[in-house]
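Contents: one structure, followed by commentary.
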Amino acid sequence: MKEIGIMEVGGFKVGHAQNQEAGTGLTVILLDHMSPAGLDVRGGGPASRESQILNPLMTAEGINAVVLSGGSAFGLDAAGGVQKRVEERGEGFAVGPIRVPLVCQSCVFDLCVGRHDIRPDGAMAYEACRNASYDAPKEGNVGAGTGCTVGKIMGLDRAMKTGFGTYAVQAGDIKVGAMVAVNAAGDVCNADGSVLAGLLSADHSHCESSFDAMVQGLTLQAGVNTTIGAVVTNVKLPKAKLCKVAGMTHNGYARAIRPVHTSGDGDSIYAISTGTVEGSMDAVGALAAYAMEQAIRRAAVAAESAYGFTALCDLKK
């Protein structure tokens, strides 16, 4: 297994757009052609659009794009901007002479960062589509990661800034890449379990453990968190197997975020097949979990302090 650039997986473009003053943004994964996709939601407070078409029992065998967005439920309007762009390209699910773009979307809650009255919308999503390219996407305070924070179990005044991260690997002919906006209630942790970014001490000098705080009886405010991500692979897999891959990828969440999948998170992962390589679903799922684990940590490392929240880069100084 070796690390590769995420765009080496192939078959998609990535575009960011954001309002830095407002502290929110979105990221579009624009697929070169309608591609099979699956979804697994583990958190208790998701905000999503067109998620049900990824159920293996539903008719649609492919989608045109995935949107990872800020704005909580208000941000769900943004998918319309992606639909507009895809329609202009003459693509979508064929219904007679009509093409209906299939765009799935999940949102994080970032309304307490920057301005709560400005959220991602169709215009911002259209801009992200125009920005989409085959170049490696930027990480940190961009796109869906613009307003992301972690370690919020004791309130926002002790939270840390995170953002958007990516990572990709190759094993033989199999390529798998992960993209994620990390906005968890819990902490981002190293492989040994130590806190990388999360709950700040009262004097903001170091990190403490959100897990310890939770088991001592603190409760979460529901629905103000959520980590959303997507994995892409060049392995040819149908929708049902991609749902399983998405489920296996949540192991990456569990290894890098503690606690995770709480009632106050809407943790969701999309899995997308963009290629024709033959390969094992289980191998893809295992690689996807590893890639997602690394992408989460990169989202913390790449973030910059903003909106009154300290990022890892400044905590070390």
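The values are calculated or read from the model by the stated rules, or taken from the named source; none is laboratory data. None of these values were measured; they are calculated from a predicted model. Note: ideal-geometry Cβ built from the backbone for every residue, glycine included; neighbour counts use all protein chains shown. Ligands, DNA and RNA are stripped out before the accessible areas are found, and what is left, the full protein with its side chains, is counted by its heavy atoms. Shrake-Rupley method; radii C 1.70, N 1.55, O 1.52, S 1.80 Å.
Annotations for the structure displayed:
- So PRO36, is it of a type outside the set (Lys, Arg), buried (at least 16 other Cβ atoms within 10 Å of the Cβ), closer than 30 Å to GLY264 by Cα and touching a helix residue (DSSP H, G or I) at 6+ places or on another chain (Cβ under 8 Å): yes
- Test: residue in the range 235-253 that is more than 30 Å from HIS33 (Cβ to Cβ) and small (Gly, Ala, Ser): no
- Residue within the range 6-17 that is under 18 Å from ALA144 (Cα atoms) and either polar (S, T, N, Q) or free of Cβ contacts under 8 Å to residues at least 24 places away in the same chain (or both) present: no
- Top-ranked residue in the range 278-317 [being under 20 Å from VAL245 (Cα atoms) and outside any helix (DSSP H, G or I); ranked as farthest from the chain's Cα centre (by Cα)]: GLU278
- Search result, residues across the range 134-163 that are of a type outside the set (A, V, I, L, M), at pLDDT 95 or above and open to solvent by less than 10 Å² (accessible area, probe 1.4 Å): GLY140, GLY143, GLY145, THR146, GLY147, CYS148, THR149, LYS161, THR162, GLY163
- Residues that are under 21 Å from MET248 (Cα atoms), free of Cβ contacts under 8 Å to residues at least 60 places away in the same chain and under 19 Å from the mean Cα position of the chain (by Cα) do not occur anywhere in the range 30-39.
- Those residues of the range 117-161 which are among the hydroxyl-bearing types (Ser, Thr, Tyr), in contact with a Gly (Cβ under 7 Å, 6 or more places away or on another chain) and more than 17 Å from VAL66 (Cα to Cα), in sequence order: THR146
- First in the range 269-292 and within 16 Å of GLU61 (Cβ to Cβ), second anywhere and of a type in the set (Asp, Glu) and surrounded by fewer than 24 Cβ atoms within 10 Å (Cβ to Cβ), Cβ under 8 Å, 6 or more apart: ALA271/ASP40; THR274/ASP32
- Against the list (1) touching a residue at least 24 places away in the same chain (Cβ under 8 Å); (2) surrounded by fewer than 24 Cβ atoms within 10 Å (Cβ to Cβ), the condition TYR253 fails is (2).
- Total residues in the range 268-309 satisfying the condition of being of a type outside the set (Val, Ile, Thr), under 10 Å from VAL180 (Cβ atoms) and open to solvent by less than 10 Å² (accessible area, probe 1.4 Å): the figure is 4.
- Pairs linking a residue in the range 90-113 that is on the phi < 0 side of the Ramachandran plot to a residue that is of a type in the set (Phe, Trp, Tyr) and assigned to a strand (DSSP E or B), with Cβ atoms under 8 Å and 6 or more positions apart or on different chains, are ARG99/PHE93; VAL100/PHE93; PRO101/PHE93; LEU102/PHE93; CYS104/TYR270; SER106/TYR270; VAL113/PHE309.
- Restricted to strands (runs of 3 or more DSSP E) entirely inside the range 122-221, those with at least 2 residues that are of a type in the set (Ser, Thr, Tyr) are 164-171.
- Hits in the range 188-210 - residues which are on the phi > 0 side of the Ramachandran plot and open to solvent by 40 Å² or more (accessible area, probe 1.4 Å): HIS204
- Strands (runs of 3 or more DSSP E) wholly inside the range 54-106 containing at least 1 residues that are open to solvent by 50 Å² or more (accessible area, probe 1.4 Å) and touching a Lys or Arg at 6+ places or on another chain (Cβ under 8 Å): 93-95
- As a summary of the residue check, THR27 satisfies the conditions (1) open to solvent by 10 Å² or more (accessible area, probe 1.4 Å); (2) in contact with a Gly (Cβ under 8 Å, 6 or more places away or on another chain) except for the one numbered (1).
- So VAL188, is it in contact with a Ser or Thr (Cβ under 8 Å, 6 or more places away or on another chain) and either hydrophobic (A, V, I, L, M, F, W, C) or modelled with pLDDT of 95 or more (or both): yes
- Test: residue in the range 3-20 that is of a type in the set (A, V, I, L, M, F, W, C), over 22 Å from TYR134 (Cβ atoms) and surrounded by 24 or more Cβ atoms within 10 Å (Cβ to Cβ): no
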